[in-house]
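Undergrad: Please find one structure pasted underneath; my questions will follow.
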Amino acid sequence: MRIAVISLGDIATKAFLPLLTRMPNLELIFCTRNPEKLAAVASEYRIAETCRDYRELLEMNIDGVMIHTSSETHAAIATFFMEQGIPVFVDKPATLNFADYQKLHDLSEQKSVPLFVGFNRRYIPLWNTLVGRADLRTLTWHKHRLNLTGKAQDFIFDDMIHVIDSLNIHGNIDQQDIQMVCQKAGDEIAMINLSWEENGILFNGQMNRQFGKTCESVSLAFENAAYQFNSFLKGEKFENGITQTVELPDWTNTLETKGFKAMLEEWVSVVALGRMDEETKQRNLSTHAFCEWLLGAC
């Protein structure tokens with residue numbers, strides 16, 4: 001399977017290439033406009049095929065393409081490849097507004113070509129099986145930063161989208177049921193808190209950009225049992241008055257703990273099959289639509 005990687009910035013080199021280059025039966029093609037960067041990274045990973053213009057990839061017999069460029073360019077590049085019937089992986093957010101995402105979604109449906117959005121938190125092994133349990137009663141997801149207030153679009157689409165999608169486990173958030181608090185610092189967003197009930201489950205999500213430190217926490221409650229995670233590596237289970245440590249095996253790779261390994265395995269499977277399941281497509285659509293609503297509400 002031949003997969004092209006467009007742009008070799010931090011996200012590609014830190015989160016994706018260390019895993020992609022170890023996956024069996026993959027041939028990688030690197031593409032970036034920076035000739036020095038292209039030569040250095042291709043040499044590091046011993047990649048023979050490269051180009052500097054993503055349009056040249058059409059002549060290189062690729063099976064799929066991964067887009068790691070700036071969010072503003074995602075829609076145009078993804079459209080280019082999907083119109084040629086080539087499956088696309090795109091970093092979140094796929095677009096910076098819902099109208100553009102709707103167009104990509106519709107094109108994906110018309111062409112029957114997969115549009116895969118890189119939400120790695122869906123695949124975090126420490127707790128992803130817990131999130132899907134039928135007896136879940138509450139799910140709380142907080143992601144905070146230190147002294148980093150921001151413009152609404154960047155705050156919501158580029159960062160809080162992680163929290164929103166992680167809570168959007170059924171792919172059908174109803175905006176009419178949302179209780180929302182938005183705190184501002186001047187003309188920038190400082191904190192957003194969201195709460196709602198869905199299918200008997202209470203959801204709460206918060207991003208505070210004026211928190212005392214940068215951190216992320218996830219808690220889940222069931223009948224007479226609860227879990228609390230303050231990292232991707234370890235957490236606690238509370239049941240019958242007893243606290244137990246929940247953790248991944250020693251030496252688990254950091255990128256695996258953050259969900260990237262399982263996400264890439266699913267992406268490769270999607271390319272091989274040439275399709276995605278309907279639940280995933282609906283969740284992607286719903287998450288981007290909710291971000292657009294929240295942008296207007298703040």
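The values are calculated or read from the model by the stated rules, or taken from the named source; none is laboratory data. Everything numeric in this text was worked out from a predicted model, so none of it was measured. Please note: Cβ atoms are built from the backbone with ideal geometry, for glycine as well, and neighbour counts cover all protein chains shown. Ligands, DNA and RNA are excluded from the accessible area calculation, which covers all protein heavy atoms including side chains. Shrake-Rupley method; radii C 1.70, N 1.55, O 1.52, S 1.80 Å.
Undergrad: Could you tell me which numbered condition ASP10 fails, if it satisfies all but one of (1) free of Cβ contacts under 8 Å to residues at least 40 places away in the same chain; (2) touching a helix residue (DSSP H, G or I) at 6+ places or on another chain (Cβ under 6 Å)?
TA: (2)
Undergrad: Taking segment 266-288 as the search range and keeping residues that are surrounded by fewer than 13 Cβ atoms within 10 Å (Cβ to Cβ) and either in the same structural domain as ASP91 (by the TED database) or of a type in the set (Asp, Glu) (or both), which one is nearest to ILE169 (Cα to Cα)?
TA: GLU279
Undergrad: Still on this structure, please answer the following. With under 10 Å from ALA4 (Cα atoms) and modelled with pLDDT of 95 or more as the only criterion, which of ILE77, ILE47, ILE29 stands out? Walk me through it before giving the result.
TA: Details: ILE77 fails: under 10 Å from ALA4 (Cα atoms); ILE47 fails: under 10 Å from ALA4 (Cα atoms).
None of the others qualify; the one that does is ILE29.
Undergrad: Taking the conditions exactly as written (more than 24 Å from SER70 (Cα to Cα), out of contact with any helix residue (DSSP H, G or I) (no Cβ under 8 Å at 6 or more places or on another chain) and among the basic types (Lys, Arg)), does LYS184 satisfy them or not?
TA: Details: more than 24 Å from SER70 (Cα to Cα): yes; out of contact with any helix residue (DSSP H, G or I) (no Cβ under 8 Å at 6 or more places or on another chain): yes; among the basic types (Lys, Arg): yes.
So LYS184 passes the test.
Undergrad: Among ASN25, ASN61, which is the only one that is loosely packed, with under 15 Cβ neighbours inside 10 Å, more than 17 Å from TRP267 (Cα to Cα), assigned by the TED database to the domain that holds ASP100 and not aliphatic (A, V, I, L, M)? Can you show your working first?
TA: Details: ASN25 fails: more than 17 Å from TRP267 (Cα to Cα).
Of ASN25, ASN61, the one residue that is loosely packed, with under 15 Cβ neighbours inside 10 Å, more than 17 Å from TRP267 (Cα to Cα), assigned by the TED database to the domain that holds ASP100 and not aliphatic (A, V, I, L, M) is ASN61.
Undergrad: Please specify each residue of segment 46-58 satisfying the condition of being open to solvent by 90 Å² or more (accessible area, probe 1.4 Å) and either part of a loop (DSSP other than H, G, I, E, B) or small (Gly, Ala, Ser) (or both).
TA: ARG46, ALA48, ARG52
Undergrad: Assess whether THR245 counts as being open to solvent by 70 Å² or more (accessible area, probe 1.4 Å) and either farther than 18 Å from LYS111 by Cα or assigned by the TED database to the domain that holds ASP165 (or both).
TA: Details: open to solvent by 70 Å² or more (accessible area, probe 1.4 Å): yes; either farther than 18 Å from LYS111 by Cα or assigned by the TED database to the domain that holds ASP165 (or both): yes.
Considered against the rule, which asks whether it is open to solvent by 70 Å² or more (accessible area, probe 1.4 Å) and either farther than 18 Å from LYS111 by Cα or assigned by the TED database to the domain that holds ASP165 (or both), THR245 comes out as yes.
Undergrad: Anything in segment 192-215 that is open to solvent by 30 Å² or more (accessible area, probe 1.4 Å), charged (D, E, K, R) and not in a loop (DSSP other than H, G, I, E, B)? List them, or say none.
TA: Correct list: GLU197 only.
Undergrad: For GLU279, state whether it is at pLDDT 95 or above, acidic (Asp, Glu) and closer than 28 Å to GLN84 by Cβ. Break it down stepwise before answering.
TA: Working: at pLDDT 95 or above: yes; acidic (Asp, Glu): yes; closer than 28 Å to GLN84 by Cβ: yes.
In short, yes.
Undergrad: What number of residues within segment 216-237 satisfy the criterion of being part of a strand (DSSP E or B), more than 15 Å from LEU136 (Cβ to Cβ) and either touching a helix residue (DSSP H, G or I) at 6+ places or on another chain (Cβ under 8 Å) or open to solvent by 70 Å² or more (accessible area, probe 1.4 Å) (or both)? Step through it out loud before you land on a result.
TA: Looking only at segment 216-237, we keep the residues that are part of a strand (DSSP E or B), and these are 216-222, 225-229, 234-237.
Next, only the ones that are more than 15 Å from LEU136 (Cβ to Cβ) stay: 216-217, 234-236.
Then drop every residue that is not either touching a helix residue (DSSP H, G or I) at 6+ places or on another chain (Cβ under 8 Å) or open to solvent by 70 Å² or more (accessible area, probe 1.4 Å) (or both), which leaves 234, 236.
Count: 2.
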